[in-house]
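Enquirer: Just dropping this structure here.
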Amino acid sequence: MNIAIKPVSHILPDRFAWHRTDAGHDLCVDGTTIAEVRPLRDGIVLRILVDMGDIAPFEMAVRCEERAIGWATQWARQRANLLYRHADRQRALQADAELALAG
């Protein structure tokens, strides 16, 4: 039995971007990292870094970078509005911390 795997769309909503780093790939919303894809032994690990509302940080093993990126992209697309709020909150917290240090 041949199973055809459809290509996963890697199209992200506005404000989202994948960044290649020395360590792997980071999925960011307005500069706030929400997920990372990293090599781990003979495979790949996908880590979701968001801790907000119904989303808790988790990690899972994935066969390859492309599948990890595809899975995280789909996950982010389904939760875009919540992730926008998370990024906005993180930016506000960062601005508050910078003001406290400057004051």
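The values are calculated or read from the model by the stated rules, or taken from the named source; none is laboratory data. Quantities reported herein were computed from a predicted structural model and do not represent experimental measurements. Positions of Cβ are backbone-derived with ideal geometry, glycine not excepted, and every protein chain shown enters the neighbour counts.
Enquirer: If I ask for residues that are out of contact with any strand residue (DSSP E or B) (no Cβ under 7 Å at 6 or more places or on another chain) and more than 20 Å from L12 (Cα to Cα), which ones from the range 41-70 would you list?
Expert: Within the range 41-70, R41, D42, D51, M52, G53, D54, A56 qualify.
A quick yes/no check of all residues on (1) surrounded by 13 or more Cβ atoms within 10 Å (Cβ to Cβ); (2) free of Cβ contacts under 8 Å to residues at least 12 places away in the same chain; (3) in a helix (DSSP H, G or I); (4) in contact with a Ser or Thr (Cβ under 7 Å, 6 or more places away or on another chain):
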position: D22; (1), (2), (3), (4): no, yes, no, no
position: T33; (1), (2), (3), (4): yes, no, no, no
position: E36; (1), (2), (3), (4): yes, no, no, no
position: V45; (1), (2), (3), (4): yes, no, no, no
position: R67; (1), (2), (3), (4): yes, no, yes, no
position: W75; (1), (2), (3), (4): yes, no, yes, no
position: Q90; (1), (2), (3), (4): yes, no, yes, yes
position: D96; (1), (2), (3), (4): no, yes, yes, no
position: L99; (1), (2), (3), (4): no, yes, yes, no
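Enquirer: Mind checking which residues of the range 24-47 are at pLDDT 95 or above and either over 11 Å from the mean Cα position of the chain (by Cα) or among the basic types (K, R) (or both)?
Expert: G24, R38, P39, I44, V45, R47 - these are the residues of the range 24-47 that are at pLDDT 95 or above and either over 11 Å from the mean Cα position of the chain (by Cα) or among the basic types (K, R) (or both).
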